[in-house]
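**Q** Below: one structure in structure tokens.
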Amino acid sequence: MDTAKMLELLSVQRHDFLNHLQIISGLLQLKKETEAREYIRTAASAIISLSKVVHLEVPEVAAVLLIAHNRAANYQIKIKIDVQANLSGCVVPGDKIAALLDEILNNIINNLASLEIANREILISITGIPGEGAWQIGFSAEGVMLKLYITNYNNNIL
């Protein structure tokens, strides 16, 4: 895990949190309570989404996803992460999955960053059935979908 990237991530998250508070404060000072409530709902939804990433059972994967989220924001690329499975019981070493995800996400981000399109967005979906030992991590960007299957069935790993 890259400590410098994690520290940068913490700094950015701290800055974002303070920014959210300032925006809410400004809206309330302008007596725009409805807009403040809507902004709080939107910000809370984004925070809850990232919170699910933090609670993945494979911390190396969580770190890669959070760092990629931060890196993509630097290029005005939105990453939406839908966590439906926490990867509990994964038999594949976390560093192996993380290295593969890091390479995939870096390639997607680099390619999207070079495109002149208005809505650059990456959708990441983590699904699986608890106790079954199989997970799917799907990536979708600009109409291209990639699915990575992680399984321990029949000794097939990654």
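The values are calculated or read from the model by the stated rules, or taken from the named source; none is laboratory data. Bear in mind the structure is a predicted one, so any value in this text is a computation, not a measurement. Cβ atoms come from the backbone with ideal geometry, glycine included; neighbour counts cover every protein chain shown.
**Q** Please go through the range 83-105 and give me each residue that is over 24 Å from I48 (Cα atoms) and not hydrophobic (A, V, I, L, M, F, W, C), ordered by number.
**A** Residues satisfying the conditions are P93, D95, K96, E103.
**Q** Here's a follow-up. Just a yes or no: is a residue in the range 75-96 of a type in the set (A, V, I, L, M, F, W, C), assigned to a helix (DSSP H, G or I), under 15 Å from the mean Cα position of the chain (by Cα) and surrounded by 13 or more Cβ atoms within 10 Å (Cβ to Cβ)? Spell out the reasoning first.
**A** Step one: filter the range 75-96 for residues of a type in the set (A, V, I, L, M, F, W, C), giving 77, 79, 81, 83, 85, 87, 90-92.
From the residues that got through so far, the ones that are assigned to a helix (DSSP H, G or I) too are none.
No, that holds for no residue.
**Q** In the range 106-127, which residues are more than 13 Å from the chain's Cα centre (by Cα) and within 20 Å of S49 (Cβ to Cβ)?
**A** I108, L112, N119, R120, T127
**Q** Could you go through the range 90-106 and let me know if any residue there is modelled with pLDDT of 85 or more and more than 17 Å from V58 (Cβ to Cβ).
**A** Yes, the range 90-106 contains at least one residue that is modelled with pLDDT of 85 or more and more than 17 Å from V58 (Cβ to Cβ).
**Q** Please enumerate the residues belonging to the range 63-83 that are within 12 Å of F139 (Cα to Cα) and of a type outside the set (A, V, I, L, M).
**A** K80, D82 - these are the residues of the range 63-83 that are within 12 Å of F139 (Cα to Cα) and of a type outside the set (A, V, I, L, M).
**Q** Okay, moving on. For the range 99-114, what are the residues that are of a type in the set (A, V, I, L, M, F, W, C) and surrounded by 14 or more Cβ atoms within 10 Å (Cβ to Cβ)? Step through it out loud before you land on a result.
**A** Initial filter on the range 99-114 (of a type in the set (A, V, I, L, M, F, W, C)): 99-101, 104-105, 108-109, 112-113.
Residues satisfying the conditions are L100, L101, I104, L105, I108, I109, L112, A113.
**Q** Here is a further query. Can you report the number of residues in the range 63-74 which are under 11 Å from the mean Cα position of the chain (by Cα) and not in a helix (DSSP H, G or I)?
**A** Within the range 63-74, residues that are under 11 Å from the mean Cα position of the chain (by Cα) and not in a helix (DSSP H, G or I) number 0.
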